[in-house]
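What follows is a single structure, written as structure tokens, with notes after it.
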Amino acid sequence: MSDKEKNVNDDPGFALGKENYKLLAIGFVIIVLGYILMSGGGSSDPKVFDESIFSFRRITLAPLVVLAGFVFSIYGVIKRPKE
């Protein structure tokens with residue numbers, strides 16, 4: 001067994017590297033941004049229908065941003081940490 005394999009396997013530290021955790025944090029921020037874009041559009045009067053809930057931002061853009069955040073987070077988990 002080489003020294004490189006020994007160091008990687010015997011290290012009781014974190015499962016992911018520093019870069020992986022940064023990517024996960026960025027993915028989390030992207031997901032939160034998507035949910036913020038999705039919010040709003042309510043009406044102050046429950047008897048009045050507000051058409052703004054069907055805007056491009058809430059129906060198309062926000063779900064795509066959330067999906068991109070999840071994909072980015074998955075990439076952050078799958079990416080091999082540098083040694």
Seminar exercise, completed: If we keep only residues of segment 26-48 that are in contact with a Ser or Thr (Cβ under 9 Å, 6 or more places away or on another chain) and modelled with pLDDT of 95 or more, then the residue farthest from T60 (Cα to Cα) is I26
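Kindly check whether there is at least one residue in segment 12-20 that is touching a Lys or Arg at 6+ places or on another chain (Cβ under 7 Å), surrounded by 11 or more Cβ atoms within 10 Å (Cβ to Cβ) and modelled with pLDDT under 80. Step through it out loud before you land on a result.
Taking segment 12-20 and keeping what is touching a Lys or Arg at 6+ places or on another chain (Cβ under 7 Å), we get 17, 19-20.
From what is left, the residues that are surrounded by 11 or more Cβ atoms within 10 Å (Cβ to Cβ) are 17, 19-20.
Within this subset, residues satisfying the condition of being modelled with pLDDT under 80 are none.
There is no residue in segment 12-20 that is touching a Lys or Arg at 6+ places or on another chain (Cβ under 7 Å), surrounded by 11 or more Cβ atoms within 10 Å (Cβ to Cβ) and modelled with pLDDT under 80.
The values are calculated or read from the model by the stated rules, or taken from the named source; none is laboratory data. Here the structure is a predicted model, which is why all the values come from computation and not from measurement. For neighbour counting, all protein chains shown are included, and Cβ atoms are generated from backbone atoms with ideal geometry for every residue, glycine included.
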